[in-house]
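Every number in this text was worked out from the coordinates using simple rules, so none of it is lab data. What you see is a predicted model; the values in this text were computed from it and never measured. Cβ coordinates were reconstructed from backbone atoms using ideal geometry, including for glycine residues, and neighbour counts include every protein chain displayed.
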Amino acid sequence: MKKLNVLLTCWFLLAGIPFSLNAQDIGKSWEFNTDGDLEGIQLSNSFINATVRDGVLKASVATKNPYLSSAAFSINAADYGFVQIRVKMKGATKGEFMWYNDAGQWGKYVFTTSPDTLFQMINIPVYRYAQWTGKITQILRLSFDPEVGSQVVLDYIRIMHGYMPQIDKFIPFRTVFLENDSIPLFALFENPGDTAGHLFSKLILPEGASLVSGSMETDHGSLFETVDTVIWKVAFDTIGEFKVRMQLFSDRDTVERSLSLTITDKTWKQKDFLLSAWSPPYAWYGPPYQDTVFEYYKDAHFDNLLWVRDDDALMEKVHQFGFKYFLDVFSIFGNELLRAPDKTVPPPLPEDKLQILHRQIEKYKDDPSLLGYFICDEPEEEAFENIRTSLTQYESSTRRSWSSLTCTVIMTVGTNMWRTSCRQPASNCLVMTIIFLKMIRTANIISRTLSFSENMPLPMISRFAISFRPSAPTVLHNRLTLTGEHPRKGNTGGWSIHP
């Protein structure tokens with residue numbers, strides 16, 4: 001590390017950029033480098049089994065709303081303007097940092113966190129707050145909302161001054177990476193410290209990759225309370241697994257992020273892009289069904305309806321206004337059988353209801369306005385077996401395989417899968433989707449596969465539709481969008497993307 005610092009110092013000198021011996025100065029910190037020493041940190045009763053060992057503080061979460069506070073100390077607020085916390089906490093999505101000053105005032109900063117199980121860095125710009133003044137005398141409260149039963153691991157808390165390089169994002173603007181294709185990469189750079197700092201970045205490509213546009217090295221100048229973004233285009237001359245690295249330098253610090261890309265020579269193109277709002281126009285009206293409701297929907301430029309019931313009067317309006325639609329078969333079976341909202345395995349689909357499903361498929365399968373079938377909304381994993389049974393019914397009723405069937409399955413990934421599943425991170429929602437897709441593939445319903453960046457083969461039907469509410473996980477939304485572009489938003493507030 002010392003050699004790297006010398007090399008970096010030499011580069012900054014040659015570039016004529018002034019530098020200091022330290023990018024950050026630490027005024028007060030809790031490092032937990034001595035086994036058994038909590039360094040004055042006091043834990044609330046929501047924590048149990050607290051230990052300090054191997055450079056971290058670990059504590060189990062017994063009840064909701066755990067927090068910690070510090071013993072009294074004293075530092076000048078004017079000398080140190082940001083707080084840095086390195087911690088991992090399963091399931092947490094937000095937190096609060098509160099402090100006291102010597103005038104008896106308290107300040108509060110609310111931040112968001114990632115609910116995964118990895119270490120994350122939290123940077124708090126306390127210098128922006130009027131209550132960060134005089135002498136700071138205590139961390140009044142540092143709280144998170146992790147899962148009960150999980151373990152919080154705290155590496156350190158530091159009250160600091162200076163600047164620091166940070167790569168906020170380093171992502172591709174593609175989901176499928178094709179051989180010899182031009183793949184856009186995007187990075188966002190920031191200095192979250194309390195003073196300006198000169199930053200410099202370097203893109204490092206593996207063997208087999210070439211730069212199509214952009215620069216391998218970028219001088220970002222002096223950054224403070226602003227961000228800098230860079231876009232490159234790269235190409236790979238062969239298939240396989242590749243790692244692309246990004247380094248960001250200051251005169252003393254280096255941070256790095258990397259991307260793992262699976263380059264393939266196989267791809268597919270979506271047959272249609274189906275744009276729709278979440279609720280059909282008649283959802284909260286009728287019968288009788290009013291023309292004005294359908295006109296309002298049509299005026300918003302929606303041509304597709306996400307679900308339509310087996311109702312002759314309703315179908316007459318659908319055809320009158322030229323809509324295409326998904327037939328609602330979810331209502332045949334209901335919540336318990338196709339969603340399992342209580343996360344218990346439901347009973348098998350009754351034969352009489354499967355016969356109703358068969359009759360509805362026969363009734364509508366030759367309608368040119370039929371896009372597909374609305375099967376379920378926000379299913380839990382326990383319902384997947386029943387979903388497979390219903391899919392098999394479509395195949396047997398139409399006497400065609402799903403690989404050629406011109407209809408669409410809709411599975412909605414929204415608030416239910418996000419919140420009731422212990423607030424799982426978006427990556428877990430993606431895993432649930434993969435489990436679902438692999439499960440229906442085992443029924444010989446799916447024949448085509450496609451390798452995504454998660455290095456997992458995803459079976460695809462002719463059109464696999466996932467409808468997103470605005471609150472749905474962004475990561476899952478982005479990973480399932482082939483072009484990397486966001487779908488448009490209708491004025492009724494719903495998202496729908498159909499890769």
**Asked** When only DSSP loop residues count, what chymotrypsin sites (Phe, Trp or Tyr not before Pro) in the stretch 90-128 have their Cβ near at most 16 other Cβ atoms within 10 Å?
**Response** 119
**Table column - 3J(HN,Hα) (Hz), the stretch 30-38, Karplus curve with 6.51, -1.76, 1.60, x for Gly and Pro** = 10, 9, 6, 8, 10, 3, x, 9, 7
**Prompt:** Tell me, what ³J(HN,Hα) does each residue in the stretch 63-77 have, in order and in whole Hz, if you take phi through Karplus 6.51 cos²θ - 1.76 cosθ + 1.60 with θ = phi - 60° and put x for Gly and Pro?
**Reply:** 9, 5, 6, x, 7, 9, 9, 10, 6, 5, 8, 8, 9, 7, 4
**Asked** Can you give the FRET efficiency for residue 366 and residue 342, using 1/(1 + (r/R0)^6), R0 = 45 Å, r = Cβ-Cβ distance, to the nearest 0.05?
**Response** 0.75
**Request:** Scan around residue 375 for amide H atoms under 5 Å from its own, H built in the peptide plane at 1.01 Å from N, and keep only partners 5 or more places away or cross-chain.
**Result:** 410
**Request:** Could you pull out the GluC sites (Glu not before Pro) across the stretch 311-372 that fall in loop regions by DSSP (anything but H, G, I, E, B) with no more than 11 other Cβ atoms inside 10 Å?
**Result:** none
**Item:** Ranked by how many other beta carbons lie within 10 Å on average, peptides 24-34, 184-194 from highest
**Value:** 184-194, 24-34
**Request:** Pull up all non-local amide H partners of residue 135: gap of 5 or more, or a different chain, and H-to-H distance under 5 Å with H placed in the peptide plane.
**Result:** 77, 102, 103
**Complete:** Residues whose modelled amide H sits under 5 Å from the amide H of residue 42, counting only those 5 or more places away in sequence or on another chain, are 69, 70, 71
**Request:** Give, as a single signed number, the net charge of other residues whose beta carbon lies under 10 Å from the beta carbon of residue 323, with Lys and Arg counted +1 and Asp and Glu -1.
**Result:** +2
**Fill in**
Computed ³J(HN,Hα) along the stretch 127-134: with the Karplus parameters 6.51/-1.76/1.60, θ = phi - 60°, integer Hz and x for glycine or proline, the list is 4, 7, 9, 4, 6, 8, 8, x
